[in-house]
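The values are calculated or read from the model by the stated rules, or taken from the named source; none is laboratory data. Quick caveat, the model's predicted, so the values are computed rather than measured. Here the Cβ positions follow ideal geometry from the backbone for every residue, glycine too, while neighbour counts run over all protein chains shown. To get the accessible areas, we keep the full protein, side chains included, count just its heavy atoms, and leave off ligands, DNA and RNA. Shrake-Rupley method; radii C 1.70, N 1.55, O 1.52, S 1.80 Å.
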Number of protein chains: 2
Amino acid sequence: MKTTSAPAAAAPPKNEIQLIPLLITVVFGLAIWFIPAPEGVKPEAWHLLAIFLATIIGIILKAASMGTLCMMAIALVAMTGVLAPGNPGKSITLALRSFGDKVIWLIGISFFIARGFIKTGLGSRIAYIFIKLFGKSSLGLAYSLGAADLMLAPAIPSNTARGGGIIYPIMKSMAMSLGSMPDKPETHRKVGAYLTLNSYYMNLIASAIFLTGTASNPMCQKFAADMGIHISWMSWFWAAIVPGMASVIIIPYLLYKIFPPELKKTTEAPAMAVAKLKEMGKITKNEWLMLLAFVILLVLWVTGDLFKIDATTTAFIGLSILLLTQVLTWEDVKAEKGAWDTIVWFATLVMMAGSLNELGFIPWFGHLIQGILLGMSWTLAFPIIIVVYFLSHYLFASATAHVAAMYAALLAVGIAMGVPPLLLALMLGFTGSLFGTITHYAHGPAPVYFGSGYVDVKQWWIMGLIIGVVLLAIWMGLGGLWWKITGVY
Amino acid sequence: MKTTSAPAAAAPPKNEIQLIPLLITVVFGLAIWFIPAPEGVKPEAWHLLAIFLATIIGIILKAASMGTLCMMAIALVAMTGVLAPGNPGKSITLALRSFGDKVIWLIGISFFIARGFIKTGLGSRIAYIFIKLFGKSSLGLAYSLGAADLMLAPAIPSNTARGGGIIYPIMKSMAMSLGSMPDKPETHRKVGAYLTLNSYYMNLIASAIFLTGTASNPMCQKFAADMGIHISWMSWFWAAIVPGMASVIIIPYLLYKIFPPELKKTTEAPAMAVAKLKEMGKITKNEWLMLLAFVILLVLWVTGDLFKIDATTTAFIGLSILLLTQVLTWEDVKAEKGAWDTIVWFATLVMMAGSLNELGFIPWFGHLIQGILLGMSWTLAFPIIIVVYFLSHYLFASATAHVAAMYAALLAVGIAMGVPPLLLALMLGFTGSLFGTITHYAHGPAPVYFGSGYVDVKQWWIMGLIIGVVLLAIWMGLGGLWWKITGVY
């Protein structure tokens with residue numbers, strides 16, 4: 001088990017090529033490439049699988065930064081012609097097609113919009129207002145920070161930016177002001193450790209609730225659509241709202257009981273928030289404009305089906321408003337490196353995973369597993385699939401890589417075994433955020449929160465497993481009931 | 001005529017929204033929108049034309065930065081459903097499809113590769129080597145700087161980066177060392193003015209010679225392909241080589257005669273270059289790697305049809321090599337704002353112009369003009385079309401906007417009038433670089449060179465027109481002969 005500051009998709013990328021991991025990646029890819037394709041699998045599909053799995057292994061081993069691996073993957077897919085044998089022009093066209101995918105731009109454009117929350121200071125102001133209102137106790141403080149994260153989540157799909165960029169700095173300064181010092185271990189449990197874990201869990205729950213809550217959700221939406229399962233922004237939200245709100249209410253209280261902060265009353269916190277708000281002054285014109293754009297975004301996302309405006313179009317409208325009102329400049333957009341990075345790896349992984357489906361590999365795999373588990377009822381298969389997906393996340397330092405590698409395959413397996421498609425598509429989608437609890441490198445903001453130093457690895461893993469199991473129980477139990485009522489299955 | 005420092009696509013974008021120009025843009029767009037579509041034009045096509053022309057007008061008037069205008073254009077195209085009436089999901093999908101276009105990524109990835117020339121210093125070293133060899137006279141210096149630009153052009157499709165980022169700083173420091181000072185007008189004609197204009201013209205000629213010489217060339221390739229005219233990297237180069245090399249040889253000498261530098265001998269220049277080269281030290285490992293990647297790129301681009309590797313795939317291979325050898329890091333790629341900017345406006349303009357063609361507007365327009373000019377022979381129509389295209393560039397502060405606005409339409413007109421399609425497609429393509437001579441805001445690097453202060457507006461415009469006419473004569477005369485021999489028409 002690692003004890004040092006951990007790697008993660010969101011940490012500033014190491015640009016160095018890691019020779020040994022790269023070698024392993026290449027050997028691994030070549031090995032699969034040269035194994036003859038099993039019966040029923042086209043050779044192209046098998047070769048694409050080799051490139052795809054090598055890319056995933058490269059990401060997991062951090063052989064190079066994700067972007068570099070994706071550039072190589074595109075070059076290889078196009079060169080080898082696996083998508084269009086013998087047609088070089090079509091090969092590269094198909095290798096690049098996901099860059100034109102609306103799902104990718106929903107995330108990309110939302111990243112730009114999110115910059116507005118940080119640039120205008122509106123994100124911080126919202127957090128301070130919650131603290132001012134409900135921050136009198138450490139439990140209230142936990143709910144306040146969680147509520148702020150939740151409120152920002154629909155328009156900030158980089159949960160790393162939301163957690164690490166907005167909530168974390170406020171949480172840490174609050175904890176330190178309350179006497180919990182990262183460099184004094186005896187003070188960690190005063191309030192810092194509790195707030196750290198709680199803020200992280202709240203971030204993951206908020207990520208699960210909104211289609212635009214974290215970058216990998218729309219990837220799930222896309223993979224599901226490839227199998228004919230339609231999920232809109234609103235239908236995702238509607239399915240998530242009941243188990244999501246239950247989690248938001250239960251988790252801070254549960255953690256308060258099993259991992260209690262020594263400090264219960266935090267009467268200074270609201271005063272500090274008031275001071276910070278005073279320092280910020282009146283709400284600026286740009287904050288109002290940001291709020292307006294945010295409200296328009298939410299309204300259009302929620303009512304999108306009604307007004308016949310696609311979620312991605314809505315994002316473009318929101319960004320146009322911010323640019324026209326000069327809340328954001330085009331310079332801000334160009335400099336938003338995280339967005340360009342995300343667009344590149346997102347498009348590359350979606351292209352490969354989607355093509356594996358189109359070339360028949362994913363359905364073939366689904367039927368293969370179904371054949372092995374012959375006769376198992378779907379009510380048994382469903383929880384097994386979810387738990388396998390959840391626990392396998394111990395092996396992944398990136399939610400994205402995990403979703404790209406396993407979501408479509410597990411969905412195909414479940415559908416082949418009779419699990420109601422929409423139910424499985426949604427629950428796998430939610431799990432893609434919830435499994436972030438388990439390790440200190442499991443999801444984008446994990447290394448940021450872990451880096452606070454308040455929580456050691458052992459505590460992180462034990463609490464992570466407990467909370468993870470509780471979350472699964474809430475979402476599959478209460479969620480299952482809710483989805484039955486609302487006709488998801 | 002403007003006398004202050006001029007606007008251009010390449011200048012650091014002003015991010016402020018310009019209210020009056022924006023108002024004009026909006027009114028202009030609305031006016032077209034509400035004019036009933038002429039007979040034979042679908043209403044969707046007409047409405048798309050309104051959005052497209054408003055975007056172009058906005059770019060010309062600098063109502064906002066190009067990126068902002070493009071975001072708005074995408075939002076409008078998707079919202080109004082002009083590409084897929086009544087289908088919001090398909091509308092945004094079609095509005096984004098050009099982001100998956102291989103032509104756009106050929107340019108985008110080449111921008112990243114070009115960063116390697118600047119980062120490693122190889123670009124500057126090449127220029128100094130030419131000066132060391134041939135820089136003993138001001139004429140030799142002019143040829144040296146031109147040769148360096150020409151050599152870098154195939155892999156640096158941002159002619160602004162090539163001219164402004166590599167050649168210009170060297171040219172200016174040479175001119176100053178030779179006693180031509182921007183702030184002393186009496187010294188301008190010593191050598192600075194001559195080198196400024198000549199370097200700029202060489203940049204444009206190099207841009208015309210290679211498909212990857214400037215960003216708008218592949219846009220021409222794309223529009224031509226939409227009309228069934230196939231142009232590869234090699235066929236573009238092959239058509240351009242004879243008039244291109246003639247221009248490279250003739251122009252510096254001609255300018256030397258009609259706009260002579262007072263200083264003829266520049267014996268200090270080679271010595272300065274030697275000193276600079278000494279300062280740079282031995283060729284570094286990264287420079288060798290850059291050179292290797294460059295050679296691989298060139299070989300694959302030239303022989304692409306033979307090895308069945310697409311030009312865009314080649315660019316991805318080149319970038320992968322630079323990333324794997326750590327000449328470039330992924331951080332460099334993400335931070336290459338110019339590339340992301342170009343990808344965005346490029347994809348947006350190509351989407352709209354391409355859709356106007358698909359929706360039948362461009363062919364309709366071609367037939368309309370053909371009807372007006374009924375009976376004109378193609379041998380007359382051809383030069384008229386080229387000259388109209390050339391001279392209309394006085395109105396454009398961006399080559400891109402001009403190519404996007406007029407290339408496809410003029411091609412359609414010419415084809416309708418019987419001009420051999422490939423001949424016209426190529427010559428319009430070359431003209432898209434050559435028309436840059438005429439003003440101090442006509443092409444990406446123009447404001448950089450003009451900003452040196454060595455040449456005043458009057459000189460710039462007079463010399464620009466003369467050289468522009470000579471270039472047209474070379475390309476249409478000698479070029480026409482060459483294309484006859486090689487079977488272009």
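Applying 1/(1 + (r/R0)^6) with r as the Cβ-Cβ distance of B:L368 and B:K184 and R0 = 45 angstrom yields a FRET efficiency of 0.25. Relative contact order of segment B:329-466, taken over Cα pairs closer than 8 Å and 6 or more residues apart, is 24 percent.
Between copies, the label points at B:L292 (set 7 angstrom from Cα along Cα-to-Cβ) are spaced 5.7 nm, reported in nanometres from shortest to longest.
Taken along the Cα-to-beta-carbon direction at a fixed 7 Å, the label points for A:Q326 and A:V388 span 5.8 nm.
Each Lys or Arg adds one and each Asp or Glu subtracts one; over the other residues with Cβ under 15 Å from the Cβ of A:A193, this totals +3. Shown in residue order for segment A:276-293 are the 3J(HN,Hα) couplings computed by the Karplus curve 6.51 cos²θ - 1.76 cosθ + 1.60 at θ = phi - 60°: 4, 5, 4, 4, 6, x, 5, 4, 7, 4, 5, 5, 4, 5, 4, 4, 4, 4 Hz (x for Gly and Pro). Take B:Q18, push a point 7 Å out from Cα through the beta-carbon direction, and compare it with the same point in every other copy: 5.0 nm, smallest first.
When a/c is below 1.5 the answer is rounded, else prolate if a/b is larger than b/c, else oblate, so apply that to segment A:240-393 with a ≥ b ≥ c taken from the square roots of the Cα gyration tensor eigenvalues. Mind dumping the intermediate values first?
Values: a/c = 2.44, a/b = 1.33, b/c = 1.84.
Oblate is the answer for segment A:240-393, as a/c is 1.5 or above yet b/c matches or exceeds a/b.
With contacts taken as Cα pairs under 8 Å and at least 6 residues apart, chain A reaches a relative contact order of 23 percent. A simple spin-label model places the labels of A:I462 and A:Y489 3.4 nm from each other, with each point 7 Å out along Cα-to-Cβ.
Given the pairs A:K282/A:K337; A:K190/A:K257; A:K132/A:K264; A:K132/A:K276; B:K172/B:K265; A:K90/B:K308, which span a C-alpha to C-alpha distance of over 19 angstrom in this model? Intermediate values should be presented prior to the final figure.
Numbers: A:K282/A:K337 31 Å; A:K190/A:K257 14 Å; A:K132/A:K264 16 Å; A:K132/A:K276 10 Å; B:K172/B:K265 17 Å; A:K90/B:K308 11 Å.
Cα-Cα > 19 Å for A:K282/A:K337; rest within.
Applying the criteria of a DSSP loop state and at most 16 other Cβ atoms within 10 Å to the trypsin sites (Lys or Arg not before Pro) of segment B:222-281 yields B:K264. For B:E39, the point set 7 Å out from Cα toward Cβ sits 6.7 nm from its twins in the other copies, listed from shortest up. First select every other residue whose beta carbon is under 11 angstrom from the beta carbon of A:A269; then total the charges, Lys and Arg +1, Asp and Glu -1. Combined, the nearby Lys, Arg, Asp and Glu give +3. With the helix formula -39500 (n - 2.57) applied to DSSP H stretches of n ≥ 4, chain A reaches a computed 222 nm mean residue ellipticity of -21500 deg cm²/dmol. Around the amide H of A:S137, modelled in the peptide plane, lie the amide H atoms of A:T266, all under 5 Å away and 5 or more residues distant in sequence or on another chain. Nearest beta carbon of chain B to the B-to-A rotation axis, with distance in whole angstrom: B:G100, 2. Using C-alpha pairs under 8 Å with a sequence gap of at least 6, the mean separation divided by the residue count of segment A:367-421 gives a relative contact order of 58 percent. Summing charges over neighbours of B:K136, with a neighbour being any other residue whose Cβ is under 14 Å away from its Cβ, gives +2 when K and R count +1 and D and E count -1. Between the listed residues B:I296, B:I283, B:M272, the Cα displaced farthest toward the positive end of the dipole of segment B:258-297, a dipole computed from Cβ unit charges relative to the Cα centre, is found at B:I283. Listed by chain and number, the lysines whose alpha-carbon sits under 19 Å from that of A:K62, ignoring those within fewer than 8 places in the same chain, are A:K2, A:K14, B:K334.
Accessible area per residue was computed with a 1.4 Å probe on protein heavy atoms; B:D332 scores about 40 Å². Sites counted here are GluC sites (Glu not before Pro) in a DSSP loop (not H, G, I, E or B) having no more than 13 other Cβ atoms within 10 Å; the longest part of chain B that contains none of them is B:40-489.
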